[in-house]
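In what follows, a structure is listed as structure tokens, so that the remarks can point back to it.
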Amino acid sequence: MNVAQRIDLTNCDREPIHIPGSIQPHGCLLACDAMARTVLRHSQNASDVLECTGELIGQKLEAILGEDAVHTIRNAMPRSTDASRPALIFGLALPNGLNFDIAVHVYKSTTIIEVEPALADASHPLELARTLIERIISLDTIERLTRDTARLLQALLRYDRVMVYQFAHDGAGKVISESRRGDLESFLGQYFPASDIPQQARALYLRNTIRVISDANCIRIPIIPEIDASGEPLDLSYAHLRSVSPIHCEYLRNMGVGASMSISIIVDGELWGLIACHHYQPRTLTMTERVAAEMFGQFFSLHLSSLRQKQKLQAATRARQSLDRFLRLTARAADISEVLRDNLPEFASLVPCDGVGIWLRGRWYCTGATPPESEIGQLAALAETVTGGRVWATHRLSGYILGADAYADQASGVLMIPLSQQPRDYLFFFRKEIVQTLDWAGNPEKLYQSGPLGDRLTPRKSFAIWKETVRRQSAPWTEAEREIAEATRAALVEVVLHQNELLEDERTKADVRQRMLNEELNHRIKNILAVIRSLVTAPNHAGQNIESYVDTLRGRIQALAYAHDQVSRGDGGGAFGDLLQAELTPYRTAEATIRMEGPPVWLDARAFSVMALVLHELATNAAKYGALSRAGGELAVRWRSSDISGCEIEWVESGGPRVTPPSRRGFGTVLIDRSVPYDLGGDSNLSYLPEGLHASFRIPAKYVAAGSASPARAPRRPQPGEATLAGRDYGEARVLIVEDQMLIAMHLEEILAKAGIRAIDTAGSSVEAMERLRSAAPDMAILDVNLGTETSEAFARELRRRGIPFAFATGYGDTTTVARAFPDAPVVRKPYEAPNIVAALDRLLEMARPQLDSPAP
């Protein structure tokens, strides 16, 4: 047997990368008992990093880190109930004067303490996370989200290459977005085989959503002892310092990569893809920078999930409209079979396809590209075997029917919909063969050889483009298309079983409800994203570290998520008592008393969301500082409702610590005090009495209904200020932006796109702008006056020579010398505001109108 035959391609999947027995060298590690009292193991470099002497194993943790530091660590440990969410301590001072960032988590009854030198304060990463989130929160397509994310991360984290990498259904991946250093080759559009990321690595990406490799050539620091007295290695599944598989390091070196970072993209609990950052020199991110990147990754995943749901909703709405047109025909028809046969072309609008066929009572009817009629009996027999009363699909029919290769050009993929409960009648959608040429980053079917690490695979050494032609396959059927097919199946079976006028009426009503639900859902999503943005960008009080900020933000978003869930389940609102119960249940203990008194009251969606945040802040403050923070405390919440005054709520605390008015008004206090008056037009009052906080609120009657069921409500009127910048019709006008700051350029791109400009190009220097001018002349341009070490004057003169109108952008108070040299050119001040940009565009459009209107030569 030769070497290639002996190699098992699952060897990489079995490599125990979660127990490597070593760490990366940019920090050290201490492993203690569950109570963090005694050191059981440590990394070999711990004494050097911590500047301590003597044997560490068996030592009390205080002897190594000092009593104050250990006290801080133990206080932080209870907050880390989830091993994937370690407690973080920034800038912890040791008795020897050294400062460290500390991550602590408990896993398998072992306290793992990761120590890294404190190289930055926590405020910079907090601003970094805010900046990243602010830049993507308004992006409304997946393509823009992935494109701009790569550009943002490369600009702000300074990696040489940033890629957004999406997994396919077979585990292979494709680079769908990339931002890179100018001298590097592009990986955009290339495919990477599934074997590049083994299964156990994918599992760790789900557990640990951020992975940093500081140096692909580093010397691994061993854990001492590697095996404890019971024979168990140290499980580092949740440790950031965990060392890297030698195979993966070799893989990176073969690509020329010196350091990397990956951020997991998790959608619906599954690994959708990765944000992969490569650097061609060693690069270490501080712990605070990692936390900021992790926060951004989590928000990116949420935003991506929201956009995917929006796409599915839009596709489902279009399909539902087509299906409804057909169902209206069947409702008036005496013979359903005749309607199905005569309206086959209508089905083609439900799901993208090349042909549609129906097998009805043993007879075949079709339109478009379908298999030969002589092959339909075999196709129907397959449907009887695989559907089981549900939708079934494949993009490679030749894998299921012998001889299907012969008609692959007509039907390589099929989606089957059973139309009856008995296996008899079926609706088929067909897709033609797509001959694809895939660009692989190296040969995915390369010959494997046994490497220096035994039978495990040696990573490939060439990443040159390897082209593969794929035949006898159609475009895969997406999850959304399968859901549409399932909805079609359910609707058609219902029609076949229950053909009568009553069902037609019910379908019409359902259609109205669906449209209203779609409009309400779209409105709520926009409102929720706007509220989340305000929470993320709210100012933090002085001295607040990133961990405290993240905990506070997480609690507020969770309260908002609960409110949204209740609103969704409650047909546009929720019961106030249920909301109060949900917010206070976590704080019910034997030591504190909580009383709630009031009638059943229903709040509409707007009031429910506002009160969710207000009650969350009140409950959190009571648990931290008020009546629920000590034994014997008491909280009483009373409310009453009337058709005139609305709902009046009283929150009374007693028996807690003595209360004094706060010396400063933080974001939480402002939220409690102003939300009800500002958002609902009601009243709120806070009294800081010595015996406890006394708060009262009044929610206007228009947001309130008696009882615990949703009342009938009139359609909501648009509120002032909700209108967005209306798009203008600029035709095919092309605009060139010359701006050396990427973030500013991206902001301007967004303003132009919203204003109706469809053709936008961006250059970062005069040289690059000249190249763009030679390849595709714009109709107008916006020029940053100062471009780093140069100005845009020379480029402006070239535009003037060609008769292309332009505007200057400047952040200086006075008009600069360059701008004064062109007195007829509009000047836009920084920071940009949309109305000013639009006004400048209108003026440029008038200047460019003769050229735009003139006939082509």
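Worth pointing out:
- Cβ-Cβ under 7 Å pairs, at least 6 apart or on other chains, the stretch 316-330 side farther than 14 Å from L492 by Cα and at pLDDT 70 or above, far side open to solvent by less than 10 Å² (accessible area, probe 1.4 Å) and not in a helix (DSSP H, G or I): none
- Only one of E143, E185 that is closer than 28 Å to W477 by Cβ and free of Cβ contacts under 8 Å to residues at least 60 places away in the same chain: E143
- Residue that is nearest to R588 (Cα to Cα), among those in the stretch 626-679 that are open to solvent by less than 70 Å² (accessible area, probe 1.4 Å) and of a type in the set (S, T, N, Q): S629
- The one condition in (1) open to solvent by less than 40 Å² (accessible area, probe 1.4 Å); (2) in contact (Cβ under 8 Å) with a residue 60 or more places away in the chain; (3) touching a helix residue (DSSP H, G or I) at 6+ places or on another chain (Cβ under 7 Å) that S179 fails to fulfil: (2)
- Among the residues of the stretch 20-59, those that are closer than 16 Å to A229 by Cα and surrounded by 16 or more Cβ atoms within 10 Å (Cβ to Cβ) comprise G21, A31, C32, V39, L40, R41, H42.
- When L271, L234, L241 are checked against the criterion of being out of contact with any Pro (no Cβ under 7 Å at 6 or more places or on another chain), of a type in the set (A, V, I, L, M) and open to solvent by 20 Å² or more (accessible area, probe 1.4 Å), L271 stands alone in meeting it.
- Subset of the stretch 798-827 (residues that are among the β-branched types (V, I, T) and modelled with pLDDT of 85 or more): I804, V827
- Within the stretch 20-57, being of a type in the set (A, V, I, L, M) and either closer than 15 Å to N96 by Cβ or not in a strand (DSSP E or B) (or both) holds for A34, M35, A36, A46, V49, L50, L56, I57.
- Of the helices (runs of 4 or more DSSP H) lying entirely inside the stretch 536-625, those containing at least 2 residues that are at pLDDT 70 or above and closer than 18 Å to R638 by Cβ span 576-584, 605-624.
- Applying the criterion of being without any contact (Cβ under 8 Å) to a residue 40 or more places away in the chain and open to solvent by 70 Å² or more (accessible area, probe 1.4 Å) to the residues of the stretch 164-176, the residue that is nearest to E768 (Cα to Cα) is K174.
- Subset tally (residues that are open to solvent by 20 Å² or more (accessible area, probe 1.4 Å) and under 17 Å from S305 (Cα atoms)) for the stretch 136-158: 7
- Verdict on E250 being without any contact (Cβ under 8 Å) to a residue 12 or more places away in the chain, open to solvent by 20 Å² or more (accessible area, probe 1.4 Å) and of a type in the set (D, E, K, R): no
- A393 being crowded, with 18+ Cβ neighbours inside 10 Å, in a strand (DSSP E or B) and among the small types (G, A, S): yes
- Filter result for the condition that a residue is within 23 Å of D33 (Cα to Cα) and not basic (K, R), over F90, F167: F90
- Positions within the stretch 349-382 being under 38 Å from the mean Cα position of the chain (by Cα) and touching a residue at least 40 places away in the same chain (Cβ under 8 Å), in sequence order: L350, V351, P352, C353, D354, G355, V356
- Selection status of R774, at pLDDT 80 or above and not in a loop (DSSP other than H, G, I, E, B): yes
- Among the candidates I227, I213, the residue that is of a type in the set (V, I, T), without any contact (Cβ under 8 Å) to a residue 40 or more places away in the chain and either farther than 24 Å from Y159 by Cβ or crowded, with 16+ Cβ neighbours inside 10 Å (or both) is uniquely I227.
- Checklist (1) charged (D, E, K, R); (2) open to solvent by less than 10 Å² (accessible area, probe 1.4 Å); (3) more than 26 Å from R283 (Cα to Cα) applied to R161, failing item: (3)
- Pairs, first over 25 Å from S654 (Cβ atoms) and assigned to a helix (DSSP H, G or I) in the stretch 667-688, second of a type in the set (G, A, S) and open to solvent by less than 50 Å² (accessible area, probe 1.4 Å), C-beta under 7 Å, six or more apart: F667/A538; P677/S684; L680/A607
- Failed item in (1) over 28 Å from E483 (Cβ atoms); (2) in contact (Cβ under 8 Å) with a residue 24 or more places away in the chain, with F299 passing the rest: (1)
- Looking only at residues in the stretch 93-119 that are hydrophobic (A, V, I, L, M, F, W, C) and open to solvent by less than 20 Å² (accessible area, probe 1.4 Å), the one that is nearest to G27 (Cα to Cα) is V115.
- Any hit, the stretch 15-22, residues being touching a Ser or Thr at 6+ places or on another chain (Cβ under 6 Å) and at pLDDT 90 or above: yes
The values are calculated or read from the model by the stated rules, or taken from the named source; none is laboratory data. The structure presented is a predicted model; accordingly, all values stated were derived computationally and were not measured. Note that we place each Cβ from the backbone using ideal geometry, even for glycine, and neighbour counts take in every protein chain shown. Just the protein is used for accessible areas: all its heavy atoms, side chains included, with ligands, DNA and RNA removed. Shrake-Rupley method; radii C 1.70, N 1.55, O 1.52, S 1.80 Å.
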